[in-house]
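What follows is a short report on a single structure.
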Amino acid sequence: MIRKTIASAALAASMLVTGMAYADVEFKPLEKDPETIVFGIISTESSSNLKAQWQPLIDDMEKALGQEVDAFFAPDYAGIIEGMRFGKVHVAWFGNKSAMEAVDRAGGEVFVQTSKGDGSNGYYSHIITQADNDKINSLQDMLKCDHSLNFGIGDPNSTSGFLVPTYYVFAQNGVDPKNCFKTVRNANHETNLMATANKQVDVAANNSEQLARTQMNKPEVTDKVKVIWTSPLIPSDPMVYRKDMSRELKSRIKAFFLGYGRFGDVERAKEVLANNSDGMGFFMESSNAQLYPIRQLELYKNKLKIENTAELSADEKAARVAEIDKKLAELDILVSYE
């Protein structure tokens, strides 16, 4: 009875935190399991680069499942989220922020997460500038806010390119990028790195995975940039599937990922993983719970934004902050049961 009560309380808190109730589900339900599984890949870099990294794994997945698996690329993260929402994407590689959107709005469910080739988990957000820029060596140098600098930020659904720097770099310092820089432009990690190296932007958000991958393939590019800020550790990327597929199909998909590199043609799988991103290791079991820290980060970011805005009255601020504090308390309950 106690365990059932705890589980019910956790479920209720989870629904409140995500802002969803079963009657408010926005995604289009699947009528049946897909005959062709569509694998969505977020646009961290060019589609050609991503296809070269992911297609071998997708081919192996197709063989293992005995079912056609097609890759799907979109020009931005939202395209993959919306594809899953309308049942056009069934499995996808996301970052944590985009996975949170997929879980809340697109009928998604986290089932495994990536790891590094050395067995470690997580990665870092960075702020970068040109290696020969002796005027910018720290956040203090960047946040002078005299509208002289061009800033490259990530996709709005990117964890390391947008959410993390928005909270740690800007919200915690009471800075609105639009009121600080000459221009602010959104782009994927690869584009922001190249734009910084080629002096098309002065500073940009990036991450440790993109820098490491580019260092492996194009060291002449990373030699042109330097890191001026590094975030706390970010949880490794989640894999998400549509939660309304049959238990049997979800089990087979999950088994493929958890077995990849552990069983079967181990050497091929390890080579495929090593050539993906900055070198992947095995997939590890996970769940929607890995998104709790990201939800907290999003709420703290919104709380700071409300506290620093001049457009709201003191009473309006207090009411909105109280609502966020309530959601943060609910998250604390969920985290305590992990």
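Residue pairs whose Cβ atoms lie under 9 Å apart, sitting 6 or more positions apart in sequence or on different chains, and linking a residue in the range 44-71 that is free of Cβ contacts under 8 Å to residues at least 60 places away in the same chain to a partner that is outside any helix (DSSP H, G or I) and acidic (Asp, Glu), are Ile58/Asp70; Glu62/Glu68; Glu62/Asp70; Gln67/Glu35; Glu68/Glu35. Exactly one residue among Ser98, Ser148 is surrounded by fewer than 18 Cβ atoms within 10 Å (Cβ to Cβ) and of a type in the set (Ser, Thr, Tyr), and that residue is Ser148.
Note on the range 103-221: enclosed strands (runs of 3 or more DSSP E) holding 1 or more residues that are among the hydrophobic types (A, V, I, L, M, F, W, C) and farther than 30 Å from Phe86 by Cα are 125-130, 150-153, 183-186, 203-207.
Of the residues screened, His90 is not one that is within 17 Å of the chain's Cα centre (by Cα) and modelled with pLDDT of 95 or more.
Considering the conditions (1) surrounded by 17 or more Cβ atoms within 10 Å (Cβ to Cβ); (2) at pLDDT below 95, Val272 is excluded by exactly one of them, (2). Residues in the range 278-318 that are in contact with a Leu (Cβ under 7 Å, 6 or more places away or on another chain) and among the hydroxyl-bearing types (Ser, Thr, Tyr): Tyr292 alone. For the range 252-268, the tally of residues that are among the acidic types (Asp, Glu) and assigned to a loop (DSSP other than H, G, I, E, B) stands at 1. Inspect the range 284-302 for any residue being free of Cβ contacts under 8 Å to residues at least 24 places away in the same chain, assigned to a helix (DSSP H, G or I) and in contact with a Lys or Arg (Cβ under 9 Å, 6 or more places away or on another chain) and give the result as yes or no. Among the residues of the range 284-302, at least one is free of Cβ contacts under 8 Å to residues at least 24 places away in the same chain, assigned to a helix (DSSP H, G or I) and in contact with a Lys or Arg (Cβ under 9 Å, 6 or more places away or on another chain), which makes the answer yes. Scanning for something among the hydroxyl-bearing types (Ser, Thr, Tyr), at pLDDT 95 or above, in the same structural domain as Gly40 (by TED's automatic domain parsing) and buried (at least 16 other Cβ atoms within 10 Å of the Cβ), does the range 113-122 turn up at least one residue? Yes: the range 113-122 contains one or more residues that are among the hydroxyl-bearing types (Ser, Thr, Tyr), at pLDDT 95 or above, in the same structural domain as Gly40 (by TED's automatic domain parsing) and buried (at least 16 other Cβ atoms within 10 Å of the Cβ). Checked against (1) more than 15 Å from Asp59 (Cα to Cα); (2) among the small types (Gly, Ala, Ser); (3) at pLDDT 95 or above, Ser277 passes all but a single condition, namely (3). Of all residues in the range 63-81, those satisfying the criterion of being within 15 Å of the chain's Cα centre (by Cα) and in a helix (DSSP H, G or I) are Tyr77, Ala78, Gly79, Ile80, Ile81.
The values are calculated or read from the model by the stated rules, or taken from the named source; none is laboratory data. Computed from a predicted model, the values in this text were never measured in an experiment. With ideal geometry, Cβ positions are generated from the backbone for all residues, glycine too; neighbour counts draw on all protein chains shown.
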